[in-house]
Amino acid sequence: MRILMLADVFFPDTVGGAGRVTYHLSHQLCNRGHQVHVLTRNPNGKFPSREQTEANLFLHRFDLPAREGLSFFLSEIRNSRGEAQRAYHETGFDVVCAHQGLVALGPLFSSAIGQIPFVYFFHSLWHEEYLIKKQSLIGQTPWSAKSVAFCMRKIDIFRLNRCY
């Protein structure tokens, strides 16, 4: 099976739980004979945009020029969609597996990739984590953060409704 794995972060490019889960799952799927292509961010552009790390494990990294705000969201959607389409046209995929929210949005808007069975690993409520990070020391959340979280929640609902 040819699997497209979508993840905002990937170990060892970044350190953290979500990246490690994606790495170990991808590694084990490769050990079972599947071909796994991981689409992830290229932190600060310091890694190769394409890399084969194991016999059946391929990384496709996309640049993310903006660090936050609306330009961050839009560039992640646009760049993940473009890189996913390139990988699809070269390889073709049997299933798409997403681990985080934003990186999945661009590929789902692709006409080709949007037709492939889609699995979403729901690790946490993305919008609630964002709200916690944006709270002040006295527990207040700015209106702008609440607006962004509202959009993030809608994105989660869209992705979950797309799952098989």
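When Val21 is tested against the conditions (1) over 13 Å from the mean Cα position of the chain (by Cα); (2) surrounded by 14 or more Cβ atoms within 10 Å (Cβ to Cβ); (3) of a type in the set (A, V, I, L, M, F, W, C); (4) at pLDDT 85 or above, the lone failure is (1). With respect to the conditions (1) surrounded by 15 or more Cβ atoms within 10 Å (Cβ to Cβ); (2) at pLDDT 85 or above, Gly101 lacks only one, and its number is (2).
Matching residues to (1) farther than 20 Å from Leu74 by Cα; (2) within 20 Å of the chain's Cα centre (by Cα):
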| position | (1), (2) |
| --- | --- |
| Val95 | yes, yes |
| Leu102 | no, yes |
| Ile113 | no, yes |
| Val119 | yes, yes |
| Ile132 | yes, no |
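Restricting Arg50, Arg153 to residues that are within 17 Å of Leu6 (Cβ to Cβ) and either loosely packed, with under 14 Cβ neighbours inside 10 Å or not aromatic (Phe, Trp, Tyr) (or both) narrows the list to Arg50.
Against the list (1) without any contact (Cβ under 8 Å) to a residue 60 or more places away in the chain; (2) assigned to a helix (DSSP H, G or I), the condition Leu102 fails is (1). Figure legend. Inter-residue proximity from the range 134-156: first residues not assigned by TED's automatic domain parsing to the domain that holds Gln100, second residues exposed (fewer than 10 other Cβ atoms within 10 Å of the Cβ) and not in a helix (DSSP H, G or I), beta-carbon distance below 9 Å, spacing 6+ or different chains. Indicated pairs: Pro142/Ser136.
The values are calculated or read from the model by the stated rules, or taken from the named source; none is laboratory data. Here the structure is a predicted model, which means the values were calculated and not measured. Positions of Cβ are backbone-derived with ideal geometry, glycine not excepted, and every protein chain shown enters the neighbour counts.
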